[in-house]
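The values are calculated or read from the model by the stated rules, or taken from the named source; none is laboratory data. These figures come from a predicted structure and were not determined experimentally. Cβ placement follows ideal geometry from the backbone for every residue including glycine, while neighbour counts extend to all protein chains displayed.
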Amino acid sequence: MKTTTIIFTFFLILSSCYSYRTFDPEEYAAELEAKGGNNSSSSPSNKISRNEINNVRAGGAKIIKEDDILDQRIKERDAKKNAPKIDPSTIKHTDIIKENQFYKVTVLDKEYTIEAKQWKADTLYSVVKGKPNKELKFHKNEIALSDVKIRKFSKGKSDALTVAAYALGGVGLFLLLK
């Protein structure tokens with residue numbers, strides 16, 4: 001029982017809530033759109049308030065049902081989604097690989113886990129993750145954008161680790177009180 005608890009505890013400590021995801025041009029376009037203020041989920045034109053519906057109904061000329069308004073908004077949103085967002089060939093390496101962030105990059109058939117330090121002209125200066133003394137230089141032509149994996153926070157892993165930690169704490173407390 002003790003060895004299982006020790007192994008489980010080390011597993012929780014060594015687990016990370018971060019995961020590496022391959023670069024996706026569509027996701028990048030969505031991020032750009034969100035930063036530009038064109039995010040359809042937070043746009044006030046996509047939200048229908050009760051006041052708006054009541055004002056239309058009180059206007060007298062014609063009564064519009066909520067379903068009709070919702071259908072119209074859904075059609076507008078679908079039209080925006082079908083519009084071309086961004087051409088993947090126009091994405092620059094410097095837009096994807098940003099300073100002081102972690103990446104997994106495949107260069108010359110070898111994968112590196114790096115922390116990007118800076119771009120100087122067409123060269124990326126980086127260090128190997130966990131080894132700040134080992135500096136690497138990559139030319140932008142050596143880095144294939146399709147092989148770049150970006151480190152992102154994983155909410156699912158975080159939630160699972162939190163539940164497991166609470167369960168372990170509960171079991172530990174139960175065993176101490178027993």
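The set of residues in the range 107-132 that are over 22 Å from Lys152 (Cβ atoms), touching an Asp or Glu at 6+ places or on another chain (Cβ under 8 Å) and either surrounded by 15 or more Cβ atoms within 10 Å (Cβ to Cβ) or of a type in the set (D, E, K, R) (or both) contains only Tyr125. Output the residue which, of all residues in the range 140-152 that are at pLDDT 85 or above and either out of contact with any Leu (no Cβ under 8 Å at 6 or more places or on another chain) or acidic (Asp, Glu) (or both), is farthest from Thr94 (Cα to Cα). Once the filter is applied, the top-ranked residue is Lys152. When you check Lys98 against the structure, is it modelled with pLDDT of 70 or more and surrounded by 15 or more Cβ atoms within 10 Å (Cβ to Cβ), yes or no? So Lys98 fails the test.
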